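Please treat every number below as a calculation from the coordinates, not as lab data. Quick caveat: nothing in here was measured; it's all calculated off a predicted structure. Positions of Cβ are generated from backbone atoms using ideal geometry, with glycine treated the same way; all protein chains shown enter the neighbour counts.
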Amino acid sequence: MTAPLVRNTQRIDRTAESPEGTKPRQKRFIAKAATVAARVITTTVMVAAVAGFAFLAVGPRVLGYQTSTMLTGSMSPLINPGDVVVTVPVPVSELKIGDIITYHIPVQDQRVETHRIVKLDVNSQGTATVQTKGDANNGPDPWTATLATPTVDREIFTIPHLGNAIRALRDPIVLKVLMYGAPAALVGMLLVSIWRKKPENTTTEPTQPTLDRRPLKRLAKELRSKEAANKFAATYTRMLPVRVGRISEALSAGDDARAMDAVLSLKTSSAMVGALGMEEHCVRLERALIARDRAAAETAGEGIERHRPQLEKALGATA
């Protein structure tokens, strides 16, 4: 009866030394890394969207600044097409030559222009008359503008390329995607986080001792051979990395049936040698697989992997 145990032990030992046992861990590591990366990207996009909304919609009302998108290259290379110019209102009495202002030109369609002041005259009534020029233009603008209001918007800084993104967001198709897709994606992520949330009272460490010698003593009595029982324990020790690897591989592949077979085998043999802590981990995984609770199954599988070195150490001390 003991000879087959020895032959089986030698076969298992060669398998345990193969690098196949590391593949499930690598797969699970890659899966976790991909999950973390997806969460980071999603969070970054959401934070950027909220920050952009606050900057463009809330900030001007609260802090008083204004934003406008540069449409031409007349102020290149300082301000290029697609850049967003941020301005704040300042009294016309504080203007000076060289300032970049945003104002309505006094001719044609009275469009908004952002150019640099090259000529300035402020009368005693506080009305300013300015002539402006684009940095990239050969000459000054062919008009003189009278700034009748007490303040004018002066440039404080420029955000490159942001205007291109704003124009893209104003596309009707993009607006519909954001209007309906963004809330749906947010709700979906919230539901996934709720479904995957681990119970706060879940314990990951076994309540049973790592190793109890009494079951092995009972096995020796049943076999009427202490040597046979010790060889069975040695076989269990050598098979442990392989059995744990099979469980990890099955969980990584999402094969619940194969994971159940592997964990039942490990649970039974663990009970026979007195590895009560490992048996408890196996029971947790078995229950999670029956309940089809993927998050709990992954947690239980990780518990089995973490417990293995501790059990191997205890088995080695009793050898």
Ranked Ile156, Ile100, criterion: other C-beta atoms within 10 Å, fewest first
Ile156, Ile100
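All other residues with a Cβ under 14 Å from the Cβ of His104 taken together, and with Lys, Arg as +1 and Asp, Glu as -1, what is their net charge? Show your work: numbers first, answer last.
Numbers: positive: Arg111; negative: Asp109, Glu113, Asp141, Asp153.
With Lys, Arg at +1 and Asp, Glu at -1, the neighbours total -3.
Kindly put Trp195, Trp143 in sequence by how many other C-beta atoms sit within 10 Å of each C-beta, fewest to most. All intermediate terms of the calculation are to be shown ahead of the outcome.
On the way: Trp195 10, Trp143 13.
In order of increasing Cβ crowding within 10 Å: Trp195, Trp143.
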Can you compute the modelled spin-label distance between Ile41 and Leu264, with each label point 7 Å from Cα toward Cβ, in nm?
4.0 nm
Report the relative contact order of the chain, percent, no decimals, based on alpha-carbon pairs under 8 angstrom and at least 6 residues apart.
17 percent
Amide H neighbours of Ile79 under 5 Å, counting only residues 5+ apart in sequence or on other chains, H built in-plane at 1.01 Å?
none
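Using the Cβ atoms and a cut-off under 15 Å, what net charge is assigned to the surroundings of Ala145, where Lys and Arg are +1 and Asp and Glu are -1? The partial results should precede the final answer.
Working: positive: Arg111, Arg116, Lys119, Lys133, Arg154; negative: Asp99, Asp109, Glu113, Asp121, Asp141, Asp153.
Every neighbour counted, the sum reads -1.
Of the chain, which part is the longest with no trypsin sites (Lys or Arg not before Pro) in a loop (DSSP not H, G, I, E, B) and with at most 13 other C-beta atoms within 10 angstrom? Numbers along the way, then the final one.
On the way: sites that count: Lys96, Arg111, Arg170, Lys197, Arg213, Arg224, Arg292.
The longest such stretch corresponds to 1-95.
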In deg cm²/dmol, rounded to the nearest 500, the helical mean residue ellipticity at 222 nm of the chain, built from -39500 (n - 2.57) for every DSSP H run of length 4 or more, is -18500 deg cm²/dmol
With 0.36 nm assigned to each residue of separation and the Cα-Cα distance removed, Val112 to Ala49 gains 20.0 nm
Quick note on Ser269, Ser193, ordering by fewest other C-beta atoms within 10 Å, gives Ser193, Ser269
Which entry is the computed volume of the Cα convex hull per residue in Å³ for this structure: (i) 221; (ii) 207; (iii) 170?
(ii)
Debye calc, one equal point scatterer per Cα of the stretch 69-158, no solvent, log10 I(q)/I(0) at q = 0.25 1/Å comes to -1.43
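Please give the FRET efficiency for Ser76 paired with Asp256, using the beta carbon to beta carbon distance and R0 = 45 Å, rounded to the nearest 0.05. Walk me through the numbers on the way to the answer.
Numbers: r = 62 Å, r/R0 = 1.38.
Working from the Cβ atoms, E equals 0.15.
I want the local charge near Arg154. Using Cβ-Cβ distances under 12 Å, sum +1 for each Lys or Arg and -1 for each Asp or Glu among the other residues.
Details: positive: Lys96, Arg116; negative: Glu94, Asp99, Asp153, Glu155.
Cβ neighbours under 12 Å give a net charge of -2.
Nearest 0.05, what FRET efficiency do Ser93 and Leu175 give at R0 = 41 Å with Cβ-Cβ as r?
Values: r = 42 Å, r/R0 = 1.03.
Calculated transfer efficiency: 0.45.
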At what distance in nm do the modelled label points of Ile156 and His104 sit from each other, each positioned 7 Å from its Cα along Cα→Cβ?
2.4 nm
Extension gain, Ser193 back to Thr144 (0.36 nm per residue minus Cα-Cα distance, nm):
11.6 nm
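Where in the chain lies the longest segment free of GluC sites (Glu not before Pro) that are both loop residues by DSSP (not H, G, I, E, B) and have at most 15 other Cβ atoms within 10 Å? Write out the running numbers ahead of the final one.
Details: sites that count: Glu17, Glu200.
My reading of the result: 18-199 is the longest stretch.
Would you kindly state how much longer the chain becomes between Ser124 and Arg214 on full extension, computed as 0.36 nm times their sequence separation minus their alpha carbon distance, in nm to one decimal? Display every interim value, and only then the final one.
Details: separation 90, 0.36 × 90 = 32.40 nm, distance 10.46 nm.
In short, 21.9 nm is gained.
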Among the listed pairs Lys221/Lys267; Lys32/Lys267; Lys231/Lys313, which have their C-alpha atoms separated by more than 24 angstrom in this model?
Lys32/Lys267
